[in-house]
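Participant: A single structure is presented below for examination.
The values are calculated or read from the model by the stated rules, or taken from the named source; none is laboratory data. Everything quoted here is computed from the prediction, not taken from an experiment. Methodologically, a virtual Cβ is constructed for each residue, glycine included, from the backbone with ideal geometry; neighbour enumeration extends over all protein chains shown.
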Amino acid sequence: MALDYYFARTIKATDKPVLRLYGWNPFCLSFGFHQSADGLNRQALRQRGYDLIRRPTGGSAIFHSAEITYSIIIPKTSWDQHQLYEFVHQVFYRALHLTGYPVELFNGHADRKYLNRGAETFACFNRSAYSELRYNGRKILGSAQKVYRNSVLQHGSLLITRQQDEIIDFLQISSPEKEKYRQVLQNSSVSLSEIKSDPIDPETIANQISSVFSQQCGAGSSIKKLTGEEINEASALTAGFVVA
C-alpha cells in the first residue's frame with residue numbers, strides 16, 4: 001500500500017491510470033485514514049502473526065486475508081472521485097461475469113455516518129456504499145478512496161473466502177457481542193467461494209480484471225514492472241502507516 005501512496009503522490013496530469021492487483025503475506029488488518037483504532041485488540045493480532053496498518057485511503061477496517069486487493073490511481077484531471085468509483089465497480093462487474101460470477105451492480109444510498117461509531121460499523125463489509133457489487137443482496141467488493149492534491153487513490157478488496165470474518169476476533173468486546181457482529185458481517189457480505197463451488201484461481205480472476213480495465217481505458221495500456229527506485233521510494237514511506 002506504500003507503493004499505492006507513492007504513485008498517488010508522484011502521478012502527473014498526463015500520466016495514465018495505474019491499476020495494481022495483489023495479495024497479502026502475512027495477513028493484515030488495515031483501518032481507514034480517518035478511522036480510530038480504539039477498541040482494537042492488538043495483542044490478538046500479534047499472537048496470530050498478523051500485521052496492523054493505517055491505510056492511505058479512508059473507509060472502515062478490512063482484514064486482508066483470502067482476497068484480491070486492488071488499487072487504482074488516477075490524475076485528478078482524468079475523472080472525479082465519483083466517476084472513478086462507478087468505473088471501478090463496472091470493471092469488476094464485467095470481469096466477474098466473464099469468469100462466471102453473476103454479481104449485481106447496485107446503486108443506492110451510501111451509509112456515510114459510520115466512522116468511529118463502535119463495533120457495528122468498524123468493518124468495511126458491515127456498511128453500504130453508493131455503488132456496490134452484490135450477490136443476493138450481500139456485498140462482495142469493499143472500496144475506499146482518498147483524494148490527494150493531484151490524484152485520486154482508490155483501494156478495494158474482492159473476497160475469495162469468508163476468512164475476513166476473523167476481523168471480529170480482534171475487537172475488544174464481549175463474546176456475545178462478537179457473535180452478534182459476526183452474524184451481521186455474514187449477513188451483509190459474501191465471498192466468491194459461496195457463489196459457486198468451482199476451484200478459485202485468483203490469478204485468472206486478476207488477469208480478467210486487468211483485461212477489462214485495459215479495454216475500458218482504451219488503447220495504450222501496458223503492463224509495467226516496478227523499478228528499484230519506485231520500491232525504495234515507497235519503502236521510505238511505510239513508517240507513516242505501520243501501527244505498533
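Participant: Given the conditions (1) touching a residue at least 60 places away in the same chain (Cβ under 8 Å); (2) closer than 20 Å to ASN41 by Cα, and given that GLU177 satisfies all but one, which numbered condition is not satisfied?
Facilitator: Going through (1) touching a residue at least 60 places away in the same chain (Cβ under 8 Å); (2) closer than 20 Å to ASN41 by Cα one by one, GLU177 breaks only (1).
Participant: Next up: Out of all the residues in region 4-17, which are surrounded by 18 or more Cβ atoms within 10 Å (Cβ to Cβ), under 16 Å from LEU226 (Cβ atoms) and not acidic (Asp, Glu)?
Facilitator: Result: TYR5, TYR6, PHE7, ALA8, ILE11.
Participant: Follow-up question, since we're still on this one. For GLN208, state whether it is in contact (Cβ under 8 Å) with a residue 60 or more places away in the chain and under 30 Å from GLY137 (Cβ atoms).
Facilitator: Taking the combined requirement at face value, the residue satisfies it.
Participant: Here is a follow-up. Report yes if some residue within region 9-25 is at pLDDT 90 or above and hydroxyl-bearing (Ser, Thr, Tyr); otherwise report no.
Facilitator: There is at least one residue in region 9-25 that is at pLDDT 90 or above and hydroxyl-bearing (Ser, Thr, Tyr).
Participant: State which residue is farthest from ALA2 (Cα to Cα) when the search covers only region 187-235 and only residues that are exposed (fewer than 11 other Cβ atoms within 10 Å of the Cβ) and of a type in the set (Gly, Ala, Ser).
Facilitator: Looking at the filtered set, the residue picked out is SER197.
Participant: What pairs can you find where one residue is in region 47-71 and at positive phi, the other is surrounded by fewer than 22 Cβ atoms within 10 Å (Cβ to Cβ), and their Cβ atoms are less than 6 Å apart, with a gap of 6+ or different chains?
Facilitator: Taking only residues 6 or more apart or on different chains, the pairs are GLY49/PRO26.
Participant: Here's something else I'd like to know. Give me the pairs, please: first residue somewhere in region 73-91 and within 16 Å of LYS12 (Cβ to Cβ) and touching a residue at least 60 places away in the same chain (Cβ under 8 Å), second residue anywhere and small (Gly, Ala, Ser) and surrounded by fewer than 17 Cβ atoms within 10 Å (Cβ to Cβ), beta-carbon distance under 7 Å, and either six or more positions apart or on two chains.
Facilitator: Here the result reads PRO75/ALA13; THR77/ALA13, each pair linking region 73-91 to a residue that is small (Gly, Ala, Ser) and surrounded by fewer than 17 Cβ atoms within 10 Å (Cβ to Cβ).
Participant: Any idea which of ALA44, ALA37 is farther than 24 Å from GLU229 by Cα and either in contact with a Cys (Cβ under 7 Å, 6 or more places away or on another chain) or in a helix (DSSP H, G or I) (or both)?
Facilitator: Only one candidate qualifies: ALA44.
Participant: I want to confirm something. Restricting to region 29-65 and keeping residues that are small (Gly, Ala, Ser) and surrounded by 19 or more Cβ atoms within 10 Å (Cβ to Cβ), which single residue is modelled with the highest pLDDT?
Facilitator: Ranking the candidates gives SER65 first.
Participant: For region 47-82: of the residues being β-branched (Val, Ile, Thr) and not in a loop (DSSP other than H, G, I, E, B), which is farthest from THR204 (Cα to Cα)?
Facilitator: Top of the filtered list is ILE53.
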